[in-house]
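Colleague: Just dropping this structure here.
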Amino acid sequence: MAIHKIPVYQPSLTGNEKKYVNDCLDSTWISSKGKYIEVFESSFAKYIGVQHATSVSNGTVAIHLALIALGIGDGDEVIVPTLTYIASVNPIVYTGAIPVFVDSLPDTWQMDPDDVRKKVTSKTKAIMAVHLYGHPCDMDALSAIAKEHNLFLIEDCAEAIGSKYKGKHVGTFGDIATFSFFGNKSITTGEGGMVVTNDETLHQRSMHFKGQGLAKHRQYWHDVIGYNYRMTNICAAIGLAQLEQVDTFLERKKEIAAIYETGFKNTEIEFHASHPDVTHSYWMCSILVSNADKREPLRDHLASSGIETRPLFYPVHTMPMYAGKFQRHIVAEDLGWRGINLPSYPDLTDKELNFIISTITDFVL
């Protein structure tokens, strides 16, 4: 296995992370109770501009919890982009519901609202907007479709903290939204997630289900089948320290994206740029090669120079467990076969960036 001198991602842990974690250890509050949980939740809600936020153990369970809170279940259909990470789709199946895949837009790479409209049936209960790689979806169009057909709108913001649509944070448009704080996200808790909403009932349902279905006013009495989806105080402590630095992280990632975009001008490389009216948080800076046959040779060339990359997500409808019924999503498939995620972490230096760019351009020119 190659040793990568420049990883595709690594967290920046130079703030109050150690101080806050040591405080947890000193207090002995290391599990799912402690002051940092409430402070992290309230600070996160304030940052993106929602009324309620409840922390969970990872981003995948955040999506499952959101679906459970909405009452999504057997036989319901949830419309979801096929070009996404598998964690957007599997929780739909956990509930007994059916994922209905839609194609992507070629310019933003986000789910295609026209295809969403075509896929609405009498069984459709929700649309899941996934803000892929930090670029927001067309929330005006998706909100209009949801309203017209009386559907729930879920936002998967796992990759999009700090992303904005027309000046408003993603996660504030839908009925309920989820975030991930895995180690490779723009802010991290190691493992963790958040469920946010402006609806008090959905918030209460989320908290109820995530805590083993424990009844509110009767000790050790459980009145629903719940889940153990709680975040630990230690994770929340790390998350709070990260949130204190989020604007710095995002500003640096914006600079990194600008350097990449400039570096690839006048080449065959297509950079995933920001569409007008949105703030792209550039969780991952991504490119398209001109032909799918060129992707793996380029990735091998970068690896031989110590540069780690990732392929774009493979469209979920092509994976064995979801491929039983033949489908074509031409744009998503084209993006999925041609795309590469480049190193995108805040501590990446300009010297390293220029080395990555020159390594790529020397290969393709």
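Just so it is clear, none of the values below were taken in a lab; they were calculated from the coordinates. Every value quoted in this text rests on a predicted model; they were computed, and no experiment measured them. Virtual Cβ from ideal backbone geometry, glycine too; neighbours counted across all protein chains shown.
Colleague: Project the alpha carbons of segment 208-365 onto their principal axes and report the range along each, largest first, in whole Å.
Modeller: 69, 46, 36
Colleague: Taking only Cα atoms and a 10 Å spring cutoff, compute GNM fluctuations for the chain and point out the largest among Y260, Y227, Y165.
Modeller: Most flexible of the set in this elastic network: Y227.
Colleague: Across bins of 10 angstrom width beginning at 0, how are the C-alpha pair distances of segment 244-312 distributed, in whole percent?
Modeller: The percentages, shortest bin first, are 18, 44, 30, 8, 0.
Colleague: Another question, if that's okay. Once you charge only the Cβ atoms, +1 for Lys and Arg and -1 for Asp and Glu, what is the size of the charge dipole of the chain about its Cα centre, to the nearest 20 debye?
Modeller: That gives the chain a dipole magnitude of about 720 debye.
Colleague: What are the residues whose amide H is under 5 Å from the amide H of H222, where those residues sit 5 or more places off or on another chain and H is modelled from the backbone?
Modeller: Here A215 satisfy the definition.
Colleague: Helix-only mean residue ellipticity at 222 nm, the chain, DSSP H runs n ≥ 4 weighted -39,500 (n - 2.57), per residue, nearest 500. What is it?
Modeller: That calculation yields -11000 deg cm²/dmol at 222 nm.
Colleague: Taking other Cβ within 10 Å of each residue's Cβ, how do T267, T189, T124 sort, fewest first?
Modeller: Arranged by neighbour count, lowest to highest, T267, T189, T124 become T267, T124, T189.
Colleague: Let me ask something else. Please give the net charge around P276, taking every other residue with its beta carbon less than 11 angstrom from that of P276, where Lys and Arg add +1 and Asp and Glu add -1.
Modeller: Every neighbour counted, the sum reads -1.
Colleague: Projected area of segment 15-65, taken from the Cα convex hull and averaged over every viewing direction, in nm²?
Modeller: Result: a mean projected hull area of 4.3 nm².
Colleague: Related question: Mind jotting down a quarter of the surface of the convex hull over the alpha carbons of segment 170-222, in square nanometres, one decimal?
Modeller: Computed as one quarter of the Cα hull surface, the answer is 4.6 nm².
Colleague: Residue farthest toward the positive end of the dipole of segment 246-364, with Cβ of Lys/Arg at +1 and Asp/Glu at -1: which of I356, F249, L342?
Modeller: Checking the options against the dipole of segment 246-364, the answer is L342.
Colleague: Can you work out the Karplus-derived ³J(HN,Hα) for every residue in segment 148-159? Use 6.51 cos²θ - 1.76 cosθ + 1.60 with θ = phi - 60°, whole Hz, and x for glycine or proline.
Modeller: 4, 9, 6, 10, 6, 10, 10, 10, 8, 9, 3, 9
Colleague: While we're looking at this one, here's another question. Starting from the Cα-Cα distance between F326 and H222, subtract it from 0.36 nm times their residue separation and give me the gain in nm to one decimal.
Modeller: Between F326 and H222, full extension yields an extra 33.1 nm.
Colleague: Apply the Karplus curve 6.51 cos²θ - 1.76 cosθ + 1.60, θ = phi - 60°, to the phi angles in segment 199-212 and return the couplings in whole Hz, x for Gly and Pro.
Modeller: 9, 4, 5, 5, 5, 5, 5, 4, 5, 5, 5, 6, x, 6
Colleague: Cα-based Rg (one decimal) and Dmax (whole number) for segment 272-361, in Å?
Modeller: Answer for segment 272-361, Rg first and Dmax second: 15.1, 48 Å.
Colleague: Further, regarding this structure: Cβ under 13 Å from L335's Cβ, L335 left aside: what net charge do those residues give with Lys, Arg +1 and Asp, Glu -1?
Modeller: -4
Colleague: What net charge is computed for the residues neighbouring T309, neighbours being all others with C-beta under 14 Å from the C-beta of T309, Lys and Arg scored +1, Asp and Glu -1?
Modeller: Overall, the nearby charge balance is +2.
Colleague: Could you list M321, M139, M231 in order of exposure, starting from the residue whose Cβ has the fewest other Cβ atoms within 10 Å?
Modeller: By the 10 Å Cβ count, ascending, the order reads M321, M139, M231.
Colleague: Let me ask something else about it. Taking DSSP loops as anything outside H, G, I, E and B, show the longest stretch in the chain free of trypsin sites (Lys or Arg not before Pro) there with at most 15 other beta carbons within 10 Å.
Modeller: Longest gap between qualifying sites, sites excluded: 34-122.
Colleague: Run the numbers for F363 and L13: contour at 0.36 nm per residue of separation, minus the present Cα-Cα distance, in nm.
Modeller: Net length gain for the segment: 122.6 nm.
Colleague: Using a ≥ b ≥ c from the Cα gyration tensor of the chain (square roots of the eigenvalues), is it rounded, prolate or oblate, where a/c under 1.5 gives rounded and otherwise the larger of a/b and b/c decides, a/b for prolate?
Modeller: Oblate.
Colleague: Would you please give the residues with an amide H less than 5 Å from that of E268, counting only those at least 5 places away or on a separate chain, with H modeled from the backbone geometry?
Modeller: Amide H neighbours of E268, under 5 Å, 5+ apart: none.
Colleague: I'd like the Karplus ³J(HN,Hα) series for segment 53-63: coefficients 6.51, -1.76, 1.60, θ = phi - 60°, whole numbers in Hz, and an x wherever there's a Gly or Pro.
Modeller: So the J values, rounded to whole Hz, are 9, 10, 7, 9, 7, 6, x, 5, 5, 4, 5.
Colleague: Take the alpha carbon atoms of segment 1-56, find their center, do the same for segment 156-227, and report the distance between the two centers in whole angstrom.
Modeller: Each part reduced to its Cα centre gives a spacing of 15 Å.
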